[in-house]
Each structure stands twice: as structure tokens, then as C-alpha cells.
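To start, the structure under review is shown below, and the notes come after it.
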Amino acid sequence: MPDKPRLLVIGSANMDLVVTAERVPRRGETLSGGEFKMVPGGKGANQAVACARLGAETHFVGRIGADAFGETLRQGYEREGLRIEHLVTDPDAPTGIAMIIVDADGDNSIVVAPGANKRCLPADLEPLEAVLDEVHCLVLQLEIPLDTVRAALRMGRERGVTTILDAGPPRALPPEVVALVDVISPNETEAEALLGRSIADVASAEAGARRLLQMGAAAAVMKLGAWGAVVATPDEVSHIRAQRVEAVDTTAAGDAFTAAMAVALAEGQSLREAVEIAVCAGALAVTVFGAQPSLPTREKLAEFCQDRGCRASLSP
Ligand code: RIB
């Protein structure tokens, strides 16, 4: 491996409460589902854990509650080797939870009760100056307050750190936030919320990615699931094909994608190479049930990239 990449991930931590069912219930309907499982999740924590499994020294900053879920999550982060010196345990709010239904096709429907994540405020960033001086990439998502995301992006920009914004969950963003981002990465529904237009195929995704550049992002990467991904920079817009796999559960596939892209960029790979690797990471995550259990290790990802004849890879 090249010099160990160093990343800072700031974002949400949830305990996922997951039930499998044939389909999502209709309004007012009660369905009998499958097994219930509690699985560590949250977009921020998923991306931090994925970065660590891919070999990066990873700082994770966010908020959990002083409760049993928070304690379980914290122990998990310690086992994964995350740097959590600046993870706050909030005495006045519960740990965030996500209620997830996974249907027979492996697709999910999610409702999040943010709890402590909502109280991850700009003041939580004050101790991070020294960390930002050390890292290659700063990775954010939109499951914590927007003011915090904006403040973190500003701090990253001021220090010349590559800023990556996974634009989930869906919401519109003020142009000044988009302009602070080096790589913005929405999926289709997130892109629709950002752009106010529908993403129905690769061509509309390419047009949407170009529009994100006009809004001020230095680069845009659209995560398109079964259609692969679109990469847009001022020099070129290109489409990368999906890796076909048997879908078990799509939860956290986007998180695996963003993390792999961030680690590859931190190691000095080009954006196009990073996205080819990220497509493989997302595909692997779809083959395993649950958020954090599905995030691939560096070895597993390198093996998959090789098996699929992918030109880019993380070194094993
Ligand atoms: O991206 C997947 C995650 O979204 C889940 O783990 C859930 O916690 C929600 O935050």
C-alpha cells in the first residue's frame, strides 16, 4: 500500500433497526415480515468504518447518546480502529436510529430519528484544526445539520484538504455550500433534490452532473446503482458501467462507494480510477445484509476488482 491515506469523516451515527419483508406495507396495512436485526449504521459512521476497512487512518467525528445503542456503536468503532477522540457522547439526546425495511429485491425504505446527530453543531468542529492539518480528504454527508457541514467544508477548503460531499439524504443545497465542495456525489434521488429535475437515465445524469459543476462543485460523481456512475470534471464527462451482482440488501452501498472513492483519491489515484474502484465497492456492499457488516475490506475489494478485470484497484 502507498503511504497510509488519512481521512476525516464527520457525520451521523445510527443504530439501524431492520426488518425484511416481501414488500413495503401500503398505507394503513400491517404486514408480517421476516427476522428483526439491529445493525450499526448511519451514513457518517458507515463511511468512516468503510474507510478504515480499506486501510485508511480514519478520524470519525459525530454525536451519539449516553445510552446502550451509543455504547454498542462506540465499542464497534474501537474494534474497527477508528480514531474517535472527538466523537461526542451527548448526555441530553438519544443515539440516532434508522427504521429500515428491506424488501424481496434487496431495496430499502428508511426513516431516521436523528437524536444526537441533530446536535452535532459547528462548535463540535473547534478541536479539529490539528486533525485537518494532517488529513488528505474530508468526507461529509447531509445527515447532520447543514450549518455544521458548511463550517466543516470551509475549514477543509482553508487548509487545502480535498472536500467530498456525499449528498445524502436528499435535500436542496445553497450554492455557497456546493461551491465549497471538490467532489459532490449524489445518487439519483439526491441529484433530483439538488437540481430540481428528474434523473431518468445516463444522459440525464450526465446533464445533471454538468449542472452541478455550474453550481460551483469542482467535480461531480453521480451514483446510479444498476446504471453505474457518471463522473464530471471541467475537462470531461464519462460513464462507468455497473458491476452486476446478486442484490441482497442495498443499504450502505452508497456509503461503501463514497468511502472507496475517498480512499483512492487520498492515495493519489485519478478521479476516474477512484470511481471505477468505488463502483466495485458499492457492488460488493449490495451482496451482504446490513449497513456496516456489508462494507468490504481492502483485500476483498482488491480481489473483486481483479476478478472483474477492472483497470483500477487499491493495491492488496
Ligand atoms: O446510507 C445508509 C444509512 O442511512 C443507514 O445505515 C441508516 O442509518 C441511514 O442513515
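Quick note: the coordinates plus some simple rules give every number you see, no bench work behind them. All of these numbers come straight from a predicted model, not from anything done at the bench. Note that each Cβ is placed from the backbone with ideal geometry, even for glycine, and that neighbours are counted across all protein chains shown.
Summary of values
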quantity	calculated
Theoretical FRET efficiency, 1/(1+(r/R0)^6), r = Cβ-Cβ of Ala66 and Asp235, R0 45 Å, to 0.05	0.35
Global form of region 72-191, assessed from the alpha-carbon gyration tensor, a/c cut-off 1.5	oblate
Over region 261-305: Kirkwood hydrodynamic radius from C-alpha pairwise inverse distances, Å	10.7 Å
Per-selection Kirkwood Rh - region 55-119 (Cα, Å, 1 d.p.)	13.1 Å
Ranking of Arg79, Arg210 by count of other Cβ atoms within 10 Å, fewest first	Arg79, Arg210
Percent of C-alpha pairs per 5 Å bin, region 1-154, short to long	2, 9, 18, 20, 17, 14, 9, 6, 3, 1, 0
Links that overshoot a 26 Å alpha carbon limit, given the list Lys43/Lys300; Lys118/Lys300; Lys4/Lys300	Lys118/Lys300
Debye log10 I(q)/I(0) for the chain, one point scatterer per Cα, at q = 0.11, 0.12, 0.15 Å⁻¹	-0.61, -0.74, -1.21
Taking Phe289, Phe60, Phe304, Phe36 and counting other C-beta atoms within 10 Å, the order from fewest to most	Phe36, Phe289, Phe304, Phe60
Kirkwood Rh and Cα Rg combined as Rg over Rh, evaluated for region 123-226	0.99
Ratio of Rg to Rh over region 209-316 (Cα coordinates, Kirkwood Rh, two decimals)	0.96
Local electrostatic count at Lys223 - Lys and Arg +1, Asp and Glu -1, tallied over other residues with Cβ under 9 Å	-3
Interatomic Cα distance distribution for region 241-282, bins of 10 angstrom, percent	33, 50, 16, 1
